[in-house]
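Down below is the structure, laid out as structure tokens.
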Amino acid sequence: QDPSTVERKPDVSERIYDLAYHFDKADKGSETLVFATLSAEDSKRQFAFELAVDYFEFALRNSLTANSRLLFLLHSGLGESQVRLGRHNEAKSSLNVAIRLTDDQQDREAMVLLQAESEYRHNSFANSIILLERVLENLGVRVPRTQRGAAVAWTVEVMKRMVASSIPFLRHKRDIDKRGVLIMRALNFIPYIYYWTGTPKCLWACFAAMN
């Protein structure tokens with residue numbers, strides 16, 4: 001059974017952690033998978049990442065009946081939790097597995113964003129920039145490659161900002177889809193790394209993020 005289809009009734013929600021171990025002791029792998037996954041996601045939502053890692057790994061040990069989508073969700077959730085805990089090598093491995101489990105480009109880019117964050121936390125600024133720029137380009141954002149290109153791109157973004165500020169009804173006209181959210185995450189993150197590495201593209205990224 002897919003954990004996403006389980007109705008989260010109050011009495012069940014409070015006992016999902018115990019139920020995962022109960023079904024494990026009873027050698028019921030499918031039920032264990034459901035409740036271990038729910039426990040992992042619940043722990044992650046509460047920022048209890050140590051506990052989330054334990055339950056994601058618990059779910060994976062009982063994932064013989066899981067389809068590829070659920071396996072992706074388990075490995076991606078595990079990788080994200082490991083990133084938050086600063087477990088760089090473990091996170092890299094989990095996220096690479098998640099990338100191989102999905103054909104969805106936006107899911108892949110979301111995993112690469114987490115890898116970029118892990119590289120940043122690991123003080124690998126150059127690797128983080130490479131990954132973030134790759135995500136932006138894969139999502140259709142043109143990243144300047146030269147100082148002159150950065151200056152031109154910055155000028156264009158400043159002009160966009162001036163127009164949007166002077167004509168309020170032009171702001172936020174479109175609903176933001178998943179692709180837009182990923183672009184915003186990348187553009188909000190990369191200026192910090194540009195700044196700390198003295199990269200001229202910092203100003204372009206700041207204005208692109210605002211626009």
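Among what's in region 126-168 and is hydrophobic (A, V, I, L, M, F, W, C) and under 18 Å from Trp196 (Cα atoms), pick the residue that is surrounded by the most Cβ atoms within 10 Å (Cβ to Cβ). Even if it seems obvious, please write down each step before you answer.
Filtering region 126-168 down to residues hydrophobic (A, V, I, L, M, F, W, C) leaves 126, 129-132, 135-136, 139, 141, 143, 150-154, 156, 158-159, 162-164, 167.
Now narrow it down to the ones that are under 18 Å from Trp196 (Cα atoms): 126, 129-132, 150.
Values: Ala126: 10, Ile129: 20, Ile130: 13, Leu131: 23, Leu132: 26, Ala150: 20.
Filtering first and then ranking leaves Leu132.
Does His75 meet the test of being under 17 Å from Val112 (Cβ atoms) and in a helix (DSSP H, G or I)?
Yes; evaluated as a whole, the condition is true for this residue.
Have a look at Leu113, Leu95, Leu70, Leu51 and point out the one that is closer than 16 Å to Ala20 by Cβ, part of a helix (DSSP H, G or I) and open to solvent by less than 50 Å² (accessible area, probe 1.4 Å).
Just one listed residue meets the conditions, Leu70.
Restricting attention to region 82-102, does a residue exist that is within 23 Å of Leu51 (Cα to Cα), touching a residue at least 60 places away in the same chain (Cβ under 8 Å) and not small (Gly, Ala, Ser)?
No, because not a single residue in region 82-102 is within 23 Å of Leu51 (Cα to Cα), touching a residue at least 60 places away in the same chain (Cβ under 8 Å) and not small (Gly, Ala, Ser).
Does Val34 qualify as being farther than 26 Å from Cys202 by Cα, more than 14 Å from the chain's Cα centre (by Cα) and either surrounded by 15 or more Cβ atoms within 10 Å (Cβ to Cβ) or not β-branched (Val, Ile, Thr) (or both)?
Against the criterion (farther than 26 Å from Cys202 by Cα, more than 14 Å from the chain's Cα centre (by Cα) and either surrounded by 15 or more Cβ atoms within 10 Å (Cβ to Cβ) or not β-branched (Val, Ile, Thr) (or both)), Val34 qualifies.
Tell me, which residue of region 17-31 that is part of a helix (DSSP H, G or I) and not charged (D, E, K, R) is surrounded by the most Cβ atoms within 10 Å (Cβ to Cβ)?
The qualifying residue surrounded by the most Cβ atoms within 10 Å (Cβ to Cβ) is Ala20.
The values are calculated or read from the model by the stated rules, or taken from the named source; none is laboratory data. What you are looking at is a predicted structure, and each value in this text was computed from that prediction instead of being measured. No Cβ is skipped: glycine too gets one built from the backbone with ideal geometry, and neighbour counts run over all protein chains shown. Surface areas here come from the heavy atoms of the whole protein model, side chains and all, with no ligands, DNA or RNA. Shrake-Rupley method; radii C 1.70, N 1.55, O 1.52, S 1.80 Å.
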